[in-house]
1. Somewhere in segment 327-339, is a residue free of Cβ contacts under 8 Å to residues at least 12 places away in the same chain, among the β-branched types (Val, Ile, Thr) and over 30 Å from residue 363 (Cα atoms)?
2. Any idea which of (1) within 29 Å of residue 237 (Cα to Cα); (2) part of a helix (DSSP H, G or I); (3) among the polar types (S, T, N, Q) is the one residue 384 doesn't satisfy?
3. Restricting to segment 349-362, name every residue that is surrounded by 21 or more Cβ atoms within 10 Å (Cβ to Cβ) and out of contact with any Leu (no Cβ under 9 Å at 6 or more places or on another chain).
4. If only one of 76, 106 is out of contact with any Leu (no Cβ under 9 Å at 6 or more places or on another chain) and either in contact (Cβ under 8 Å) with a residue 40 or more places away in the chain or within 16 Å of residue 147 (Cα to Cα) (or both), which one is it?
5. Scan segment 222-233 for residues that are at pLDDT 80 or above and either over 28 Å from the mean Cα position of the chain (by Cα) or surrounded by fewer than 16 Cβ atoms within 10 Å (Cβ to Cβ) (or both) and report the count.
6. With the structure loaded, tell me whether residue 156 is in contact with a Leu (Cβ under 8 Å, 6 or more places away or on another chain), part of a helix (DSSP H, G or I) and modelled with pLDDT of 95 or more or whether it fails that test.
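The values are calculated or read from the model by the stated rules, or taken from the named source; none is laboratory data. These numbers come from a predicted model, not from an experiment. With ideal geometry, Cβ positions are generated from the backbone for all residues, glycine too; neighbour counts draw on all protein chains shown.
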Amino acid sequence: MKLTLFCLFALITAFSYWLRHINLQNLKQHGETVPEGFEGVIDVEKLRKSSAYTFDSSRLGLWDSLFDNVVLIVFLFGGLITLYDRYISTLSGSVTISAVLFFMLLTWISALLGIPFDLYGTFRIEERYGFNTTTPRLWIVDFFKSQAIGAVLLAFLITVVFQLIQWSPHNWWLWVWGFMALFTLFMMFISPYVIEPLFNKFEPVTEPGLEDEIRIMMEKAGLKVGRVMQMDASRRSKHSNAYFTGIGKVKRIVLYDTLIKQMSHGEIVAVLAHEIGHWKKGHVWKRLLWAEVMALAGSWVSFKLLGWPGLPDLLGLPADISLPAKMVVLGFVASLALFPMGPFSAWRSRCHEREADRYAADLTGRPQDLASALVKMSAENLSNLFPHPLYAAFHYSHPPTVERVAMLRSWEIVNTVGGRNMETGHF
């Protein structure tokens with residue numbers, strides 16, 4: 001079985017690398033053709049720069065992935081996990097403390113091994129293409145701050161989970177699922193006000209004249225203006241974006257300050273309308289509900305498999321390895337089993353993005369503004385405008401930008417024709 005799992009892992013990895021290859025080949029083939037609707041904002045020179053950026057970023061991602069996979073093979077298939085597990089067991093006689101140490105040290109080792117790739121990506125590639133504004137000091141502060149927050153949260157989670165396992169050995173899967181569901185909701189509530197401000201400054205949108213336009217659009221959608229914030233993203237990067245965060249009374253829409261500088265007021269309002277679309281269409285709750293249903297099923301399956309004596313032998317490991325080590329084995333096996341779910345999850349996300357685009361077009365009555373915003377964001381972020389369809393099916397949570405712009409342009413034509421028909425009295 002060990003050989004079978006290794007071959008399956010190698011097959012999935014090879015397929016992932018093949019997807020990356022055909023994606024770059026597709027870019028190489030079409031990367032100098034300006035798409036319809038992008039004229040005047042993107043030219044051939046910009047496309048060449050975008051292609052170079054995509055190739056450099058992908059090359060770094062490939063080396064990072066190769067390194068991670070080699071480490072994973074040595075750790076799981078080379079027996080290093082057994083030595084690590086036995087070492088951790090000598091540090092404490094407490095099952096819970098040993099579990100915290102087991103996962104904490106693994107997390108720190110993983111973070112340390114990833115530092116060279118992160119540094120190269122930030123201070124070489126991002127710097128080369130004019131995106132990086134992060135200073136070495138800020139990078140270090142961010143790194144230690146994120147590690148500290150992650151360590152506290154991880155220690156808390158592992159402690160509670162293992163206490164629940166010991167307290168209810170026959171039904172812990174249900175208690176753990178319930179606890180994790182509540183913790184997820186709790187984090188969605190506190191993150192916008194406690195964790196995110198530790199890294200960025202958030203304030204109401206200050207662009208002169210924009211507030212009135214936002215207020216009109218928000219009132220039309222039945223929402224309050226105070227939930228639209230701008231973030232000082234320019235402290236770290238010149239990339240632009242917007243996102244939706246939080247739930248309930250703490251939900252908010254966040255605009256990068258870089259996006260506000262790059263867009264016209266109409267385009268900014270259109271981007272806001274798209275984010276409001278996620279809100280009004282209930283995408284957050286739908287995704288959360290789906291995640292919890294899957295988590296409940298996964299918790300029960302984990303309970304069964306972790307109690308199965310044959311689990312360690314799947315990787316040729318001793319039967320007496322600890323529960324944390326068994327969880328790592330289970331996580332690896334689950335990642336292989338769930339690989340086919342990736343395209344489905346990406347497809348659901350793309351459907352939600354199309355719904356949000358449709359909502360924005362209907363709310364503003366100006367699909368061309370969102371189309372124009374997407375074109376500008378693609379140009380400013382040096383996005384790949386020519387992803388291979390199969391690669392996009394596996395990895396894209398949003399429809400490819402060219403497809404989104406074409407769809408918005410078609411809605412614009414329909415709206416225009418519809419308006420003319422109404423003016424002439426025709427249906």
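1. no
2. Looking at each condition in turn, residue 384 falls short on (2).
3. 356, the sole residue that qualifies.
4. After ruling out the rest, the residue left standing is 106.
5. Final tally of qualifying residues: 2.
6. For residue 156, the condition - in contact with a Leu (Cβ under 8 Å, 6 or more places away or on another chain), part of a helix (DSSP H, G or I) and modelled with pLDDT of 95 or more - is not met.
Here's the yes/no breakdown for (1) under 18 Å from residue 256 (Cβ atoms); (2) at pLDDT 95 or above; (3) out of contact with any Pro (no Cβ under 9 Å at 6 or more places or on another chain):
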| position | (1), (2), (3) |
| --- | --- |
| 341 | no, no, yes |
| 370 | yes, no, yes |
| 377 | yes, no, yes |
| 382 | yes, no, yes |
| 391 | no, yes, yes |
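Here is a yes/no grid of residues against (1) without any contact (Cβ under 8 Å) to a residue 40 or more places away in the chain; (2) not charged (D, E, K, R):
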residue	(1), (2)
10	yes, yes
20	no, no
36	no, no
71	no, yes
